[in-house]
Amino acid sequence: MANELTLSFEEAMEQLETIVDRLEEGDVPLEEAISIYKNGMELSKLCHEKLKSVEEQLTEILTSDGQKETFTIPEEE
């Protein structure tokens, strides 16, 4: 997908929702379904990478004196 680098997270999610809707209809020819599925996997990967990037950015906070400090939130059990 050539334009995936320019997609925002929201645009990619919207396209994923469209893909899921089409595949759930069940009347897509097999070859087209495979192509749509591959496109969906690429969009899913893009969304995952964008979320991971944001998570990495949020793990560092600036202290009041301008120093970077690692910030963690304990995971719920």
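Restricting LEU51, LEU46 to residues that are within 19 Å of the chain's Cα centre (by Cα), under 29 Å from GLU75 (Cα atoms), touching a residue at least 40 places away in the same chain (Cβ under 8 Å) and surrounded by 13 or more Cβ atoms within 10 Å (Cβ to Cβ) narrows the list to LEU46. All conditions in (1) at positive phi; (2) at pLDDT 90 or above hold for GLU49, with the sole exception of (1). Scanning region 8-59 for residues that are over 29 Å from THR70 (Cα atoms) and not in a helix (DSSP H, G or I) turns up GLY26, ASP27, VAL28, PRO29.
The values are calculated or read from the model by the stated rules, or taken from the named source; none is laboratory data. What you see is a predicted model; the values in this text were computed from it and never measured. Ideal geometry is used to build each Cβ from the backbone, glycine not excepted, and the neighbour counts take in all protein chains shown.
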